[in-house]
Amino acid sequence: VVRAIPAAVGYSPEFDRALQRGWRSEAGAPGHSYWQNWTDYEIEARLDPETAKLEGTVQILYAHDAPANLNSVLIHLHQNLHREGSPRSSEQEITGGVTITRLAADGEELSERPMEEGPGWEVDGTLMQVRPTIRLEPGDTLQLDIDWEMALPQRGAGRMGHSNKEVYLIAYWFPKVGVFDDLHGWAAQPYLGNAEFYDDFGNYKVSISVPSGWTVMATGELQNPEEVFSAITLDQLDAAAVSDTLVVIADAASRGAGTVTAEGTDGWLNYRFSAENVRDFVWTASNVQRWDATSAEVANQIWPDVDTDSDDRESEDRESDDSEAQALPIIQPVVDGTRRVLIHSFWREDLAPLWAEQWRYGQQAVEFHSEYTAYSYPWSHMTSVEGQDIIEGGMEFPMMTVMGSYEGQEASDLYNVTAHEIGHMWIPMIVGTDEKRHAWMDEGATTFLENQSKMEYWPGVDHHRVGARSYLQVSEARQEQALMRHGDYYEPGPGYGVASYLKPAALMVALRDVMGEEDWLKAYRAFIAEWSFKKPSPWDFFNTFERFAEDDLDWFWTSFYYETWVMDHAVGRVVSKPTGGATVTIEDRGDAIFPARVRIRTSNGMDFVHEIPVYHWLAGNDRYEIEVAPAAGAVVRVELDPGGYAPDVDRQNNFWPRGSGE
Ligand SMILES: [Zn+2]
């Protein structure tokens with residue numbers, strides 16, 4: 001053996017247990033006994049925009065379906081990232097964090113005290129442990145009542161905050177129950193500022209008070225538009241809901257005249273939202289922004305209720321892993337015509353002129369992504385907020401995104417970030433991956449989808465190849481850090497960005513090239529449909545693609561996801577024979593395993609592609625010889641990877657004669 005051979009992908013003991021108990025499956029779909037906990041939130045909040053102070057009360061109903069007893073419950077207080085002394089991965093504004101003014105569990109008042117003193121609550125950085133008087137058993141529902149106050153940062157880790165106290169993007173703002181799942185128990189991962197989020201799905205009823213004149217948009221449906229908007233605004237919203245083109249809901253004139261909102265009571269407006277089956281709740285408020293709207297048209301899909309406890313699945317013949325894989329039907333929706341999704345765009349004309357076209361980008365992205373994923377955008381609106389001072393790139397939330405002004409940049413840059421953030425509505429907002437442990441799952445898939453949609457909106461360039469090149473430069477320089485690494489544990493440098501965005505996006509395209517577009521698309525779409533509103537792990541992702549590839553792809557996962565191996569195929573010697581024909585040697589100069597496609601053209605006009613299967617490399621070889629028959633004449637040109645999607649760090653040596661490429 002002269003070369004690196006990738007190890008088989010091993011399951012953790014926790015994943016093995018999940019397979020044995022039927023929580024997950026070898027086929028990559030959720031298992032017949034898949035479970036996840038559920039949370040209902042009822043929140044009342046009041047924002048004082050002049051002081052950037054927020055106070056709220058929340059009633060949480062935590063439905064505990066896990067087969068475990070819980071003596072305590074983990075709550076995230078994300079704003080403690082801004083508290084003096086909290087651990088964090090980079091410098092942040094100090095706001096004092098979250099002040100808990102009341103906490104009751106099942107109606108019993110609890111106080112802050114250390115564990116040895118029994119029931120109570122304790123805060124450590126962004127995590128709060130609540131110990132109720134009675135432990136939680138499977139099937140129990142815990143009621144928590146919490147009152148809190150906090151000052152909002154201007155720039156909360158570049159993901160939320162306010163601009164000039166005239167635009168607010170309020171995220172990570174309420175006490176939120178952490179995830180207790182089948183693989184890790186409590187995901188007790190603090191928010192340090194870099195690695196993102198991991199959430200359960202839940203229902204939200206949220207009542208938000210702001211001064212009159214302030215508009216609010218949020219995750220979910222507004223329940224009382226007549227109470228908060230003026231008659232003109234209501235008419236314009238109705239028009240936008242059926243329009244393909246721009247409808248201006250508010251502009252400088254109507255903001256100045258105070259005709260956008262209703263009058264309110266004692267100078268205050270109360271917006272009431274309801275959101276079902278979402279992993280977070282976020283809102284935005286402004287008294288100055290222009291408000292553009294239009295609507296997107298998507299297929300009206302009705303998805304079957306997948307009952308993971310159903311007897312049908314239990315009784316299926318699952319004697320071997322293969323029979324389970326084949327028994328799984330592909331989930332398909334019933335399509336009943338089309339449906340419209342409101343597209344909102346809030347922005348400031350003086351700060352962000354590029355945003356004049358942003359409504360178009362939002363509309364195209366919702367339509368494109370719905371079609372490409374074959375999973376229609378499921379909600380009633382998608383709202384984009386210009387957040388100069390709050391953020392430079394973009395950040396995603398269910399039904400919402402905040403993005404920079406992009407002042408001084410290209411229109412295509414604002415398009416890219418819009419297509420990217422809206423791409424996140426599929427992963428992680430519909431498919432609830434763990435963004436902290438496995439950032440590549442949502443960022444890689446989203447960067448892929450962004451590039452795919454970009455080729456429709458800005459045709460003429462293969463954006464997948466452009467993105468792949470940046471990853472391959474870092475790979476060639478041996479500056480990679482592995483994908484399978486927690487998002488808070490990357491060293492400074494390009495490691496996190498390449499491993500989370502560029503590389504996994506390039507790998508999606510490489511795998512599509514290996515599997516063929518048809519099978520790859522089936523796998524990609526099945527992964528989204530089967531894991532919609534559930535929480536897949538990397539092994540579910542790997543197993544889903546292997547199910548549709550009908551092949552073991554461990555060589556791919558190990559070489560590129562677990563390791564930072566470099567892939568470099570090269571055309572070696574081409575030895576002509578006096579009688580015609582030649583021996584073409586292909587060399588594998590890297591460690592990463594990848595199949596090779598070799599295109600050979602000869603003097604007799606032959607032009608063919610020879611495939612070198614991965615099994616040849618896996619057998620320990622680093623060389624492969626192709627015999628070109630005498631009848632073909634002399635070899636004129638040899639080209640490796642004519643499709644251009646292999647993650648090959650050195651394309652110069654992919655051609656013979658050297659220099660005959662690209
Ligand atoms: Zn992203």
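No lab work stands behind these numbers, since they all come straight from the coordinates. Worth saying up front: this structure is predicted, and the values here are computed from it rather than measured. When we count neighbours, we look across all protein chains shown, and the Cβ atoms used for this are built from the backbone with ideal geometry, even at glycine.
A simple rule links phi to the HN-Hα coupling: the Karplus curve 6.51 cos²θ - 1.76 cosθ + 1.60 with θ = phi - 60°, which for the range 585-590 gives 9, 9, 10, 9, 8, x Hz, with x for Gly and Pro.
For the range 616-630, 3J(HN,Hα) computed residue by residue from phi via the Karplus equation (6.51, -1.76, 1.60; θ = phi - 60°) reads 5, 6, 4, 6, x, 7, 10, 9, 8, 10, 10, 8, 9, 5, x Hz, glycine and proline entered as x. Short-range pairs are left out: with C-alpha atoms under 8 Å and at least six residues apart, the relative contact order of the chain is 13 percent. Annotation: amide H of residue 596 within the under-5 Å range of 612, sequence separation 5 or more or interchain, hydrogens built in the peptide plane. Which one of 605, 656, 585 has its Cα pushed farthest toward the positive end of the charge dipole of the range 569-656, where Lys and Arg give +1 and Asp and Glu give -1 at the Cβ? It is 605, whose Cα lies furthest towards the positive end. Say the dipole of the range 321-565 comes from +1 at the beta carbon of Lys and Arg and -1 at that of Asp and Glu; which of 509, 376, 461 then lies farthest toward its positive end? Projecting each Cα onto the dipole axis, the largest value belongs to 376. Each residue of the range 640-657 was assigned a 3J(HN,Hα) from its phi angle through the Karplus curve 6.51 cos²θ - 1.76 cosθ + 1.60 (θ = phi - 60°); the sequence is 8, 6, x, x, x, 10, 5, x, 9, 6, 10, 8, 4, 8, 8, 10, 9, x Hz, with glycine and proline shown as x.
The GluC sites (Glu not before Pro) of the range 168-233 include none that meets both criteria, a DSSP state outside H, G, I, E and B (loop) and at most 12 other C-beta atoms within 10 angstrom of the site's C-beta.
Tell me the Kirkwood hydrodynamic radius of the range 569-656 in angstroms, computed as one over the mean inverse distance between distinct C-alpha pairs.
Values: mean 1/r = 0.0762 Å⁻¹.
Every distinct Cα pair counted, the radius reaches 13.1 Å.
Normalised size of the chain, defined as Cα radius of gyration per 2.2 N^0.38 Å with N residues, equals 1.04. In the range 569-656, a dipole from Cβ-located charges (positive for Lys and Arg, negative for Asp and Glu) runs towards its positive end, and of 647, 618, 628 it is 628 whose Cα lies farthest in that direction.
Quick one: angle between helix 503-515 and the longest Cα principal axis of the chain, in degrees between 0 and 90, rounded to 10, please. With rounding to tens, the tilt is 50 degrees. Less than 5 angstrom separates the built amide H of residue 177 from those of 76, all sequence-distant by 5 or more or on a different chain.
What is the fewest-to-most order of 77, 222, 54 by other Cβ atoms lying within 10 Å of their Cβ?
Working: 77 28, 222 19, 54 22.
Listing 77, 222, 54 from fewest to most nearby Cβ atoms yields 222, 54, 77.
Placing unit charges on the Cβ atoms only, positive for Lys and Arg and negative for Asp and Glu, gives the chain a dipole magnitude near 1920 debye about its Cα centre.
Each residue in 548, 655 was given a count of other beta-carbon atoms within 10 angstrom of its own, and listing them fewest first yields 655, 548. The order of 179, 461, going from fewest to most other C-beta atoms within 10 Å of their C-beta, is 461, 179. Once you reduce the range 341-397 and the range 158-178 to the center of their Cα atoms, the two points are 18 Å from each other.
Normalising the Debye intensity of the range 445-595 to I(0), with uniform scatterers on Cα atoms only, and taking log10 at q = 0.12 Å⁻¹ returns -0.60.
Distant-in-sequence amide contacts of residue 167, defined by a placed amide H-H separation under 5 Å and a gap of 5 or more residues or a different chain, comprise nothing.
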